[in-house]
Amino acid sequence: MPAETMCSRKGCRAAAAWQVRWNNPKIHTPERRKIWLACEDHRGWLEDYLKLRGLWRDTQPLDTPVEGS
């Protein structure tokens with residue numbers, strides 16, 4: 001994991017603590033996971049954004065090994 005991981009929320013420079021994992025079933029295979037990094041303050045916002053669009057799959061702590069990304 002890179003030493004400097006930042007939140008994926010536009011304009012945020014905070015350190016990431018979470019992997020918000022998602023996929024778009026129209027273009028990704030079911031097992032594929034795209035990952036946005038989230039700080040504590042933006043985790044909920046990013047999850048809600050993806051849930052509203054039916055794209056959110058799960059959220060894991062940043063130190064969880066990544067599979068299928």
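The values are calculated or read from the model by the stated rules, or taken from the named source; none is laboratory data. As the structure is a prediction and not an experimental result, all values here were calculated from the model. Cβ atoms come from the backbone with ideal geometry, glycine included; neighbour counts cover every protein chain shown.
Just for strands (runs of 3 or more DSSP E) wholly inside the stretch 9-69: which have at least 1 residues that are touching a Cys at 6+ places or on another chain (Cβ under 9 Å)? Working first, answer last.
Working: elements: 18-22, 34-38, 56-61.
In the stretch 9-69, 18-22, 34-38 are the strands (runs of 3 or more DSSP E) which contain 1 or more residues that are touching a Cys at 6+ places or on another chain (Cβ under 9 Å).
Quick one: Ala38 ticks every box in (1) at negative phi; (2) at pLDDT below 95 bar one, so which box is it?
Among (1) at negative phi; (2) at pLDDT below 95, Ala38 violates only (2).
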